[in-house]
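To start, the structure itself, in structure tokens.
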Amino acid sequence: MPQLAKRIGRAKPSAIMQVADKAKKLKAEGRDIISFSIGVPNFLPGSHVYEAAREALAKDSGQYGSNRGADALLDAFLKHMEGIGLTGYTRANCSTGIGAKHILYNLAEALLDEGDAIAFAIPYWTSYMDIAEIVNAKIDLLPCPPEQDYKLTPAQLDAALAKKPRVFLFNNPSNPTGMVYTKDEISALADVIAKHPDTWIITDDIYNRMVFDGVGYHNFVQARPELRDRVIFVDSLSKTYGMPGWRVGFMAGPEVVANAVTTMNSNHITNLPEIVVAASVAALSGPQDVPEEKCREFQAKRDQVMAVMESIPNLVCPRPQGAFYVFPDVSAYYGKSHDGKVIGNDIDLCNALLDSKGVACVPGSAFGEPRSLRISYTCPTPQLAPGLERIREFFNEMQ
Ligand code: PMP
């Protein structure tokens with residue numbers, strides 16, 4: 001048989017989907033499973049989004065569209081950016097893609113040649129590693145343990161950028177930790193970035209509308225407007241608008257980068273489908289009560305999850321202020337046993353939790369941090385309290 005490309009050896013199936021699939025299988029076998037694994041928002045967009053899609057369907061020409069994105073979509077995105085404090089961009093600074101994942105992949109192809117360096121923090125969203133490996137970049141990981149609230153310090157960033165990586169990839173609010181950088185923290189990191197002109201900065205901020213406690217969302221470009229020449233902002237409709245399967249992502253940055261992403265689109269996808277574009281314009285420009293209400297709801301759920309985390313002895317759990325994830329350090333329990341099974345690491349722990357209590361969480365090693373596990377609290381509301389109670393029982397039963 002002829003060989004596959006070496007690239008495929010570096011491409012791995014998503015670790016998160018593997019946990020989700022195991023949970024699904026157990027559920028199909030009749031087990032009572034509560035899933036805290038996959039980060040699906042678990043709510044629907046407002047009815048105006050479906051109406052717009054239906055209207056587009058009725059008059060859909062079915063022709064090819066713009067590689068960059070329809071003007072109406074780019075304009076709606078630009079308005080949305082203004083709403084979060086990113087002003088002065090034009091259509092020429094933007095491009096669209098099949099979700100933020102595709103935008104990030106396009107950016108990796110557009111900015112990184114084989115062997116070029118990309119730096120990003122641990123814990124990282126799983127796909128950063130996968131995308132960097134597929135394009136065969138040199139990966140520089142910057143460990144941000146729970147003791148520093150899983151956040152990158154200016155000194156760490158300074159040391160990383162001194163090595164002149166081609167790309168620094170940043171994520172705020174964070175998946176998997178839910179941590180949000182304050183205005184002062186963003187400002188201090190922006191000062192460091194300003195000192196190192198050789199690196200592109202990708203800031204993956206797809207949870208920018210899901211920020212709690214009034215901390216607000218902040219961006220390097222607001223802190224230092226001159227960074228606009230190097231900072232690439234990435235956004236998506238998936239989480240904020242409850243539209244993960246509609247597959248809509250955006251970028252805004254220097255024109256040369258937006259043009260490069262658009263060129264990749266012309267080679268990979270040509271355009272987003274017209275019906276999806278119409279629904280996306282409606283989501284961005286129509287009533288915003290769904291994202292606003294969901295943000296309040298997730299803040300209350302964060303409180304509910306944290307109350308349980310804080311009641312379990314020896315968990316170290318920095319308090320998240322955004323997204324819908326909590327990332328407790330559970331390593332104090334490694335070496336103990338549950339139901340006679342020794343828990344050696346995060347994978348053993350997640351397997352034992354799923355087998356004994358029917359609760360699915362994702363092992364932290366999927367995000368580069370094997371001391372922790374990720375709890376995604378997007379399950380249907382009635383399942384949250386019982387799921388958390390099962391987690392508390394599980395840790396209490398450890399010996
Ligand atoms: N970035 C982060 C940090 C994410 O958590 C996700 C989705 N889990 C994405 C990007 C990709 O989002 P999309 O659905 O728009 O591809």
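Readers should treat all values here as calculations from the given coordinates under stated rules, not as data from a laboratory. In this text the structure is predicted, and so the values were computed from the model without any measurement. With ideal geometry, Cβ positions are generated from the backbone for all residues, glycine too; neighbour counts draw on all protein chains shown.
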Cα-projected label distance for A5 with D339, points at 7 Å along beta-carbon direction, nm
4.3 nm
As a footprinting exposure proxy, order R390, R296 by other Cβ within 10 Å, with the fewest listed first.
R296, R390
Specify the inter-centroid distance of the stretch 352-378 and the stretch 231-254, based on alpha-carbon positions, in whole Å.
26 Å
Starting at the first residue of the stretch 62-77, write each ³J(HN,Hα) from the Karplus equation 6.51 cos²θ - 1.76 cosθ + 1.60 with θ = phi - 60°, in whole Hz, x for Gly and Pro.
x, 8, 4, x, 6, 5, 7, x, 4, 3, 4, 6, 4, 5, 5, 5
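Could you list L112, L26, L57 in order of exposure, starting from the residue whose Cβ has the fewest other Cβ atoms within 10 Å?
Details: L112 21, L26 17, L57 12.
Ordered from fewest to most neighbouring Cβ atoms within 10 Å, L112, L26, L57 come out as L57, L26, L112.
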Please report the spacing between the Cα centers of the stretch 292-316 and the stretch 21-94 in Å, no decimals.
26 Å
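Any chance you could run the full-extension gain for A72 through A155? It's 0.36 nm times the residue separation minus the Cα-Cα distance, nm to one decimal. It would help to have the intermediate numbers written out before the result.
Numbers: separation 83, 0.36 × 83 = 29.88 nm, distance 4.20 nm.
Net length gain for the segment: 25.7 nm.
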Sequence-distant lysines (8 or more away, or on other chains) whose Cα lies within less than 19 Å of K341:
K357
For a paramagnetic label modelled at 7 Å from the Cα of A58 toward its Cβ, which residues of the stretch 241-278 fall within the zone defined by backbone nitrogen distances under 20 Å?
274-278
Where a Cα-Cα gap under 14 Å defines reach, which aspartates and glutamates qualify for K336, not counting those fewer than 8 residues away within the same chain?
D346, D348, E397
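Which order do the peptides 145-155, 67-77, 324-334 come out in when sorted by mean C-beta neighbours inside 10 angstrom, highest first?
Ranking, from highest mean packing down: 324-334, 67-77, 145-155.
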Additional length obtainable on full extension of the chain from M17 to D289, 0.36 nm per residue less Cα span:
94.9 nm
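Can you sort L86, L161 so the residue with the fewest Cβ neighbours within 10 Å comes first?
On the way: L86 22, L161 19.
Ranked by crowding around the Cβ, least crowded first: L161, L86.
Assign one of three labels to the stretch 47-285, namely rounded, prolate or oblate, based on the Cα gyration tensor with a ≥ b ≥ c the square roots of its eigenvalues; rounded applies when a/c is under 1.5, prolate when it is not and a/b is larger than b/c, and oblate otherwise.
On the way: a/c = 1.89, a/b = 1.53, b/c = 1.23.
In terms of gyration-tensor shape, prolate.
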Say each of R296 and D198 gets a label point 7 Å from the Cα, pointing the same way as Cα to Cβ; how far apart are those two points in nm?
5.1 nm
Tell me, what is the FRET efficiency for D191 and D116 to the nearest 0.05, using R0 = 41 angstrom and their Cβ-Cβ distance as r?
0.95
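List the chymotrypsin sites (Phe, Trp or Tyr not before Pro) in the stretch 35-64 that DSSP assigns to loop (not H, G, I, E or B) and whose Cβ has at most 11 other Cβ atoms within 10 Å. Which are they? Numbers along the way, then the final one.
Numbers: sites: F36, F43, Y50, Y64; in loops: F36, F43, Y64.
When the chymotrypsin sites (Phe, Trp or Tyr not before Pro) of the stretch 35-64 are filtered for loop state and at most 11 Cβ neighbours within 10 Å, Y64 remain.
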Note: probe point = Cα of H48 + 7 Å toward Cβ; backbone nitrogen < 14 Å; residues of the stretch 274-309 passing the test are 279-293
All-pairs alpha carbon distance profile, the chain, 10 Å steps from 0, percent:
5, 22, 31, 26, 13, 2, 0
For the chain, longest principal axis from Cα atoms; helix 381-396 axis from its Cα atoms; angle between them, nearest 10 degrees, is 50 degrees
The stretch 66-119: GluC sites (Glu not before Pro) in DSSP coil with no more than 11 other Cβ atoms inside 10 Å
E114
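Just want to confirm a number: the relative contact order over the stretch 47-285, from Cα pairs under 8 angstrom separated by 6+ residues, in percent.
Values: 428 pairs, mean separation 75.8, N = 239.
Normalised by residue count, the contact order of the stretch 47-285 is 32 percent.
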The chain: relative contact order in percent, alpha carbon pairs under 8 Å with at least 6 residues between
24 percent
Antiparallel as a % of all DSSP beta bridges within the chain, to the nearest 5?
45 percent
Identify all lysines with a Cα-Cα distance to K101 below 20 Å; exclude those on the same chain that are fewer than 8 residues away in sequence.
K12, K138, K239
